[in-house]
Amino acid sequence: MKQAKTDRRAQRTRQLLNTALVELMLEKRYAAITVQDILERANIGRSTFYTHIYDKDDLLLNDVAALIERLIPHIDQAHGSHAHLLPSLALFEHVDEHRALYTALARGHMLEAVFKAVQAQLVAHIERTLATLPQPFGCTVPPAAVATHLASSLLTLLRWWIDTDAPYTPAQMEAMFQQLVAPGMTAALHGAPQ
């Protein structure tokens, strides 16, 4: 029973630290944030901080790793459904649900690192999906190029949505993405422009 109580306390401490860091990143650049700023915002003592975290970079990297872990199931959610090569609605919903964190990462110039890791996951997902499809006659675009193009397009649109705080719903963003990429994907997979 003592272990469960300790685990809950550790989880609560991490959550307070994570929340404090995100709030501070919305207010100022990541480089300007100090451990003391985080401690004051989270109302946590220095010794407690160092029991759980090495430094502010460790806190951020743990946040990013946890974010990517939460994102991966959304990437694989639609695997097996070939309506689209990329399940963009689930990704837009995920970003919308965690908008404060993504906005903080963008303002702190840390979003590129997250997107780089996510792009690798997206490319792998798309390549797996392409491998299950019958190879159409006339397809001259390598699957890796198709996968990289789709992943890059999605992440660029996600970045625009975050940076501009555009007032579109996840469903509207998904519709935009599909409208933008569907003609090119049809042409690439069937070997001729539409």
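Of note:
- On inspection, His79 qualifies as at pLDDT below 80, in contact with a Lys or Arg (Cβ under 9 Å, 6 or more places away or on another chain), surrounded by 11 or more Cβ atoms within 10 Å (Cβ to Cβ) and under 30 Å from Leu133 (Cα atoms).
- Residue satisfying condition, being under 20 Å from Ala65 (Cβ atoms), small (Gly, Ala, Ser) and modelled with pLDDT of 90 or more, within set Ala151, Ala171: Ala151
- Restricting attention to the stretch 36-51, the residues that are surrounded by 15 or more Cβ atoms within 10 Å (Cβ to Cβ) and not aromatic (Phe, Trp, Tyr) add up to 7.
For every residue, the table says whether it meets (1) of a type in the set (Val, Ile, Thr); (2) within 19 Å of the chain's Cα centre (by Cα); (3) in a helix (DSSP H, G or I).
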position	(1), (2), (3)
His109	no, yes, no
Val114	yes, yes, yes
Gln119	no, yes, yes
Arg128	no, no, yes
Ser152	no, yes, yes
Ala166	no, yes, no
Ala171	no, yes, yes
Phe177	no, yes, yes
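- Matching residues, the stretch 148-163, being hydrophobic (A, V, I, L, M, F, W, C) and touching a residue at least 40 places away in the same chain (Cβ under 8 Å): Leu150, Ala151, Leu154, Leu155, Leu158, Trp161, Ile162
- Qualifying position, being within 21 Å of the chain's Cα centre (by Cα) and either of a type in the set (Gly, Ala, Ser) or on the phi > 0 side of the Ramachandran plot (or both), among Ala66, Ala31, Ala42: Ala66
- Among residues of the stretch 13-39 that are closer than 15 Å to Asp58 by Cα, none has a Cβ under 8 angstrom from a residue that is in a loop (DSSP other than H, G, I, E, B) and of a type in the set (Lys, Arg) at a sequence gap of 6+ or on a separate chain.
- Here Thr186 clears all of (1) assigned to a loop (DSSP other than H, G, I, E, B); (2) more than 30 Å from Leu24 (Cβ to Cβ); (3) modelled with pLDDT under 80 except the condition numbered (1).
The values are calculated or read from the model by the stated rules, or taken from the named source; none is laboratory data. Treat the numbers as computed from the prediction; the structure is a model and nothing was measured. Note: ideal-geometry Cβ built from the backbone for every residue, glycine included; neighbour counts use all protein chains shown.
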